[in-house]
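Following: one structure in structure tokens, then a few remarks.
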Amino acid sequence: MLKAHYFFALSLSQETKQYIHKWTQPMKDEGSFQSWVHPQDYHITLAFLGSADELQPVINKVDALECPSFSLTVDHYGTFGRSDSPRILWMGAQPSEILQRVRDSVYGACEDAGFQLDKRPFSPHITVGRKWNRDFPFTSEWLNSFQPMGTHVFTASEIVLYRTHVDRLPKYEAIYTKPLHAN
């Protein structure tokens, strides 16, 4: 049996999940990526913990953080991986100072609890698809034909610790939730 992995993330409102799903559906209908993230699994990762035997110390550290709720805007698709055959399709969240502070606080709490975390720069995004699946090279022009018209704003109101279940959909289970306090 595969060992469960854990990560802290900002959860998204149901309205935001529906917005992203609506804009992703045309790409999904044409089978442009090999697999698609279940809309209930959409989130913005703050810190990926990997497997863990003891979570209570990190939960206690995150629980002690003082973080306000804040607005975030999602507005465009992008990719990670090779330019002609990306491995990840994502919906981007506009960077913001408060988002970076919340991420840094959660990341620091995880490191203080002894977790070895990814050192790549934070790039706020919501993964929606994996592995380019067309018989022609991916291009930014192709992706631009699917970009959303306008933007979508939502309030980030909670940090969630998720457990991954690779054998079911949706595959992320919330095991701890920290509400962000209203300003």
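Values in this text are rule-based calculations from the coordinates and carry no lab data. All figures in this text were calculated on a predicted structure; none of them were measured in a lab. Every residue, glycine as well, gets a Cβ built from its backbone with ideal geometry; the counts of neighbours run over all protein chains shown.
Does the chain come out rounded, prolate or oblate by the C-alpha gyration tensor, with a ≥ b ≥ c the root eigenvalues, rounded set by a/c under 1.5 and, if not, prolate when a/b is larger than b/c and oblate if not? Walk me through the numbers on the way to the answer.
Details: a/c = 1.94, a/b = 1.48, b/c = 1.31.
Because a/c hits 1.5 or more and a/b exceeds b/c, the chain counts as prolate.
Step through the residues of the stretch 46-60 one at a time and calculate ³J(HN,Hα) from phi using the Karplus curve (6.51 cos²θ - 1.76 cosθ + 1.60, θ = phi - 60°), rounding each to whole Hz and writing x for Gly and Pro.
Result, rounded to whole Hz: 9, 7, 8, 8, x, 6, 8, 8, 10, 9, 4, x, 6, 4, 4.
Normalising by the residue count of the stretch 6-179, find the relative contact order in percent from Cα pairs under 8 Å and 6+ residues apart. All intermediate terms of the calculation are to be shown ahead of the outcome.
Values: 312 pairs, mean separation 62.1, N = 174.
So the answer I get is 36 percent.
Between 0 and 90 degrees, rounded to the nearest ten: what's the tilt of helix 14-29 against the longest Cα principal axis of the chain?
The angle comes out at about 30 degrees.
Show which lysines lie in cross-link reach of LYS178 when reach means a straight Cα distance below 27 angstrom and same-chain residues fewer than eight apart are skipped.
By straight Cα distance, LYS178 reaches LYS3, LYS17, LYS61, LYS119.
Taking only the alpha-carbon positions of the stretch 72-135 and ignoring solvent, what does the Debye formula give for the base-10 log of I(q)/I(0) at q = 0.14, 0.15, 0.22, 0.29 Å⁻¹?
Taken in order of the listed q values, log10 I(q)/I(0) reads -0.54, -0.61, -0.97, -1.17.
Given DSSP loops and a limit of at most 14 other Cβ atoms within 10 Å, what is the longest stretch of the chain that contains no such GluC sites (Glu not before Pro)? Show your work: numbers first, answer last.
Working: sites that count: GLU30, GLU54, GLU66.
Value returned for the longest uninterrupted segment is 67-183.
Hey, quick one: spin label on ASP167, modelled 7 Å out along Cα-Cβ, who in the stretch 35-50 has an amide N within reach, i.e. under 19 Å?
Output list for this probe position: empty.
Give me, ordered by chain and number, the residues 5 or more places off SER85 or on other chains with an amide H under 5 Å from its own placed amide H.
PHE138
Determine the sum of side-chain charges near LYS61: Lys and Arg each +1, Asp and Glu each -1, restricted to other residues whose C-beta is under 15 angstrom from that of LYS61. Don't jump to the answer; show the numbers that get you there.
Numbers: positive: ARG103, LYS178; negative: GLU54, ASP63, GLU66, ASP104, GLU111, ASP112.
Around LYS61, the charge tally is -4.
At 222 nm, what value in deg cm²/dmol follows for the chain if DSSP H runs of at least 4 each add -39500 (n - 2.57) and the sum is divided by all its residues, to the nearest 500? Intermediate results must be reported in sequence, preceding the final value.
Numbers: 4 runs with 45 residues, N = 183.
Helices in the chain give a 222 nm mean residue ellipticity of -7500 deg cm²/dmol.
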